[in-house]
Amino acid sequence: KDQPFALFDGGKEIPVQVIPLVVDASGFLRWILLDFQTDIAARGTKTFTLKAAKPAARPAVPLKLLYHSTSRPPVPVTIDTGKVRLRITLAGLFDGVTIGGRQVVTGASASYTDVTRMAKEGDKWVRVPKTFKADRPSEVKVEYEGPLRATVKVAGRFIGDDDTKMRYIIRITAWAGRSDVLVKYTLANSNPDHYCYRKIKDSSLVLKLAGKCDSTLLGAAKPLTVNA
C-alpha cells in the first residue's frame with residue numbers, strides 16, 4: 001500500500017497525486033485514485049503510462065493548506081492554489097476569498113425554508129414558511145490533501161432547528177494553479193433520534209461578494225455571459 005507511482009504523458013513525466021482506494025486483507029493495493037492535469041484537444045486522445053516508481057515531477061505551483069496552529073485539532077484556515085486563496089474557519093462558512101491579492105468574497109451563509117407546518121386562515125389551511133439560517137460550523141475536516149488537489153468538508157447545524165436537527169454539509173475542492181473552485185452544498189436530514197418528514201421550499205448557499213457583479217458566466221455547451 002506504500003508503493004509510489006509515477007505518471008508519464010508520452011515520454012515526459014507529469015505531476016500526479018496518488019491515493020490508495022482499496023487495499024486487500026493481505027496489504028496488496030487493488031485500486032488507486034490519480035489526480036493530474038493535462039490538455040486534450042477537441043475529439044483528441046492521449047495515452048498515459050503509470051509506472052510503479054518514485055515520482056520526480058512536481059507541480060510548478062503546488063496547492064497548499066495552511067493550518068491554525070493554536071486550535072486543537074488544527075483547523076485549516078487557508079487553501080492556497082497559487083491563483084486563489086480561501087479562508088475557512090469555525091467562525092463562518094467562508095471568511096474570505098482572494099484572487100490576485102484582491103478580495104472577491106467576504107463571507108457566505110446557508111439557509112433553508114421549511115413549509116411543513118400548516119395554519120388555518122379563514123376556511124383554508126395554508127403552509128407557514130419558516131426560514132432557518134446556518135449556525136457556525138461544528139466541523140472543518142480535510143478529507144483529501146495533496147499538491148494537486150484538496151477537499152475540505154465544512155458541516156454544522158441551523159440556528160433554532162431543534163426539532164428537525166437538519167444539517168448542512170459543504171465540500172470545497174480546489175486544484176493547484178487554478179482559480180476555479182468546486183463547492184458542493186448538501187442539506188442533510190439524517191436524524192438518529194427519530195424519523196422526521198419535512199417539506200422544504202428552498203435551500204441555498206449564498207456568497208457575499210466584496211464588490212458589484214456586472215456579469216455572470218454560465219457554463220454550458222457554449223459558455224454564455226449574462227448580466228447579473
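The values are calculated or read from the model by the stated rules, or taken from the named source; none is laboratory data. If you're wondering where the values come from, they're calculated on a predicted model, not measured in any experiment. Counting neighbours? That spans all protein chains shown, and the Cβs are built from the backbone with ideal geometry, glycine included. Side chains included, ligands, DNA and RNA excluded: accessible areas come from the protein's heavy atoms. Shrake-Rupley method; radii C 1.70, N 1.55, O 1.52, S 1.80 Å.
With a Förster radius of 41 Å, plug the Cβ-Cβ distance of GLN103 and TRP125 into 1/(1 + (r/R0)^6) and report the FRET value to the nearest 0.05.
It comes out at approximately 0.30.
First select every other residue whose beta carbon is under 9 angstrom from the beta carbon of THR98; then total the charges, Lys and Arg +1, Asp and Glu -1.
Values: positive: ARG85, ARG87, ARG102; negative: none.
Result for the local shell: +3.
Remark: the chain projects, on average over all directions, an area of 19.5 nm² (convex hull of Cα atoms). GLU145 contributes about 100 Å² of solvent-accessible surface, heavy atoms of the protein only, 1.4 Å probe.
For the range 118-216, the normalised intensity computed at q = 0.13, 0.16 Å⁻¹ comes to -0.66, -0.88 (log10 of I(q)/I(0), Debye sum over alpha carbons, equal scatterers, no solvent). Of the whole protein surface, ILE19 contributes about 50 Å² of accessible area at a 1.4 Å probe radius.
Multiplying the residue separation of ASP214 and PHE8 by 0.36 nm and subtracting their alpha-carbon distance yields 69.9 nm. Sparsely packed loop sites in the range 1-69 (the trypsin sites (Lys or Arg not before Pro) outside DSSP H, G, I, E and B with at most 10 other Cβ atoms within 10 Å) comprise ARG43, LYS46. If exposed means no more than 14 neighbouring beta carbons inside 10 Å and the site is in a DSSP loop, what's the longest run of the chain without any exposed chymotrypsin sites (Phe, Trp or Tyr not before Pro)? The answer is 29-194.
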